[in-house]
Structure formats: C-alpha cells, structure tokens
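The values are calculated or read from the model by the stated rules, or taken from the named source; none is laboratory data. This one's a predicted model, so the numbers in the text were calculated from it and none came from an experiment. Cβ: placed from backbone, ideal geometry, glycine included. Neighbour counts: every protein chain shown.
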Amino acid sequence: MTLTQSTRDRIEHLLAEHPVVLFMKGSRMQPQCGFSATVVGILDRMLPDYHTVDVLADLEIREGVKVYSEWPTIPQLYVRGEFLGGCDLVQQMYRSGDLHTELGVTANAENVPEIRISDAAARVLTEAISQHQNGVIQLVIGANWQHEFRLAEGSSSGVRVTANGIELLFDAESAARANGLSIDLSEASGEPEFIIENPNSPQAVRQMTVQELKQSQDAGDALHLYDVREAAEREIAVLPGAKHLTEEVIAEIDALPRDALLVFHCHSGVRSQAAAEYFARQGFSNVRNLAGGIDAWSREIDPEVARY
C-alpha cells in the first residue's frame, strides 16, 4: 500500500498531539487481539494516561502506519514521535528497564510476595514437580486475575518464593499481584482441586438497575456516570448526566479516589460490563454496571429517551 500524504499527515498529527500513542486492534478497555492486550497491560502498569488508536475502525491508518513505521504488524508503540516497536520489542524493553527510561518512569523494585501453601496443596505440588527433572512450578496471575500453574525450566528468571517447602516462580507482574495469596486443596468434587484465595483480586463488578440509578440521581448521591457507546449512538439518545468515555475522560477517572462510585452504561449492558471490569482491575472498589443499559432506561424509566 502507498502511504498517501493525507494519511501521513493524520499519523504525524496524532504523534505530535500525544506523547505516547499505541496503534492497536480494539480499545484500551477492550483489546481485540492478544498482542494488543499484552502491550496495553504493560502500559497500564506504567502510565495513567496514553492515547490509543483502533486500527480496526480505520483501514487507512491500519495499513498506512505499517508503511510509515516500516513495520508489518500491529500493535505499534510510539513515544514522543519515535517508533519503539511491536509486542515482542515492548515486552523485551519492559523486562530490561529500557521502556521505563523511554517513558520517564521509575522501575519498581522487585516485589517478593508472602504466600501460604497448605500441607495438602504442598503434597500435590511436590508430586507434580518430582515428575519433571530440573523444572520449577510457575504461578502466573494475569491482568484479569486468573491464576494458572505452569511448568518452567529450573533456570528461568523471575521472583522465587518458598512456602511450606515449595518453591514457586513468579514473573514480576504476577509477584506484584501475589502478596498475601494462599493456596489450599479441595477434594469435594472427588478430584483434587487447588483453591487459591488472593486478597488483591478486585471485587466483582456489581449490577445497578435503572431504578437504583434514578433513585441515586434524584437523591443527589455522589456518583460518576459514564457512557461507553460510540459517538453515533449518543446522537440518537443519551442518559442525563452521562459523560462519554473518551481518552480524556479516562484520564479524569484515574485521578478520582479509588472508592469513588463509578457507573458505566452502554446500549444493553454488555460493553459497559467490560469497561466496568477494566476499572475494577485498576483498583477502583466501587464500580457498577447499569443492567440493561440505556435500552432498559427507555423501557422502564423514561420512554422519551429514543430506543434503537
């Protein structure tokens, strides 16, 4: 594909306007590929604000940025107008500390978490590791707070923690999420099953009915209502007091107290659920998803709000 001057101008305008720009598939809250999700996860740990461009919504930018950077894949990360690389390079720079330097942030000291392993769980883990010479059990805690045991090479780098005679390996991100974690074993189902309790896991997002939202608004309760729909949908109908969830508004949310009441809505409650879960993972403890979305509001609260 030939890079037209107009597309080049659009790309350069984005790079001049925002210090950190990630061209990705999907959005910061809803990545549409694993590679984009990986880079978002890294940036979210390091920066309160950065700009993302959804290349799936703009074919010219999607193909044009590949020509502009002379790099064939998405995602692509730029810092102060300079192309840093795609997913693999960003991961390497993060592990080496070079990404911290580029972004001007201080690398966190290595966290060695305190964990507890019950006797029953220790016996099963001991049996598992005994079957693999020169192996070590790694516990990965993803950004979505799923816990997964893996077998790694004994020489693998990472944070090593010993509890009840069992050595576990964590990558830096998992270690930062693991302090206070406990591992037990249940055989209630007839088969041994690990029970992992992690006090750092965000609370599940609760649902708020449209009636509850109306009551809170009428009572003047301190809440922040956000609309995650597309701009074209907002031209059809909006909820009173709802802010459109843009990159600028995301930065505003990040500055709020972590116990602020955040309510997210979309058309039916699906997209807003993903947005609410995203902010719960960022440490907000009082997050709600509007059940049924604006469609439920139209049906149950205000029929003058247009349905579509």
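Identify the residue in segment 226-238 that is under 17 Å from residue 274 (Cβ atoms) and of a type outside the set (Phe, Trp, Tyr) and, among all such residues, is modelled with the lowest pLDDT.
First pass over segment 226-238, keeping only residues under 17 Å from residue 274 (Cβ atoms): 226-230, 233.
Applying the additional criterion that residues be of a type outside the set (Phe, Trp, Tyr) yields 227-230, 233.
Details: 227: 97, 228: 95, 229: 94, 230: 91, 233: 95.
The extreme case among them is 230.
Which number in (1) in a helix (DSSP H, G or I); (2) more than 22 Å from the chain's Cα centre (by Cα); (3) touching a residue at least 40 places away in the same chain (Cβ under 8 Å); (4) surrounded by 14 or more Cβ atoms within 10 Å (Cβ to Cβ) marks the one condition that residue 185 misses?
Answer for residue 185: the failing condition is (1).
Looking at (1) free of Cβ contacts under 8 Å to residues at least 60 places away in the same chain; (2) loosely packed, with under 12 Cβ neighbours inside 10 Å, which one does residue 114 not meet, given that it meets all the others?
Going through (1) free of Cβ contacts under 8 Å to residues at least 60 places away in the same chain; (2) loosely packed, with under 12 Cβ neighbours inside 10 Å one by one, residue 114 breaks only (1).
Would you tally the residues in segment 14-54 being crowded, with 18+ Cβ neighbours inside 10 Å and charged (D, E, K, R)?
Of the residues in that region, 3 qualify.
Is at least one residue of segment 244-251 over 29 Å from residue 176 (Cβ atoms) and touching a residue at least 60 places away in the same chain (Cβ under 8 Å)?
So far as segment 244-251 goes, no, none of its residues is over 29 Å from residue 176 (Cβ atoms) and touching a residue at least 60 places away in the same chain (Cβ under 8 Å).
Which members of segment 77-89 meet the condition of being more than 17 Å from residue 37 (Cβ to Cβ), out of contact with any Leu (no Cβ under 7 Å at 6 or more places or on another chain) and part of a loop (DSSP other than H, G, I, E, B)?
In the first step, residues of segment 77-89 are kept if they are more than 17 Å from residue 37 (Cβ to Cβ); the result is 78-84.
Pick out the ones that are also out of contact with any Leu (no Cβ under 7 Å at 6 or more places or on another chain) and you get 80, 82-83.
Correct list: 80 only.
Wholly within segment 242-308, which helices (runs of 4 or more DSSP H) include no fewer than the required count, namely at least 1 residues that are modelled with pLDDT of 95 or more?
Numbers: elements: 247-254, 270-281, 293-300.
Qualifying helices (runs of 4 or more DSSP H): 293-300.
Output the number of the condition that residue 74 fails; it satisfies all remaining conditions of (1) part of a loop (DSSP other than H, G, I, E, B); (2) within 22 Å of residue 281 (Cα to Cα); (3) of a type outside the set (Gly, Ala, Ser).
Every listed condition holds for residue 74 apart from (2).
Being in a loop (DSSP other than H, G, I, E, B) and over 29 Å from residue 24 (Cβ atoms) is the filter; apply it to segment 90-132 and report the residue that is modelled with the lowest pLDDT.
Step one: list which residues in segment 90-132 are in a loop (DSSP other than H, G, I, E, B), which gives 97, 104-115, 118, 131-132.
From the residues that got through so far, the ones that are over 29 Å from residue 24 (Cβ atoms) too are 109, 112-115, 118, 131-132.
On the way: 109: 60, 112: 88, 113: 94, 114: 95, 115: 96, 118: 97, 131: 86, 132: 84.
Restricting to residues being in a loop (DSSP other than H, G, I, E, B) and over 29 Å from residue 24 (Cβ atoms), the top hit is 109.
Filtering segment 145-182 down to residues that are more than 22 Å from the chain's Cα centre (by Cα) and of a type in the set (Asp, Glu), which residue is farthest from residue 92 (Cα to Cα)?
167
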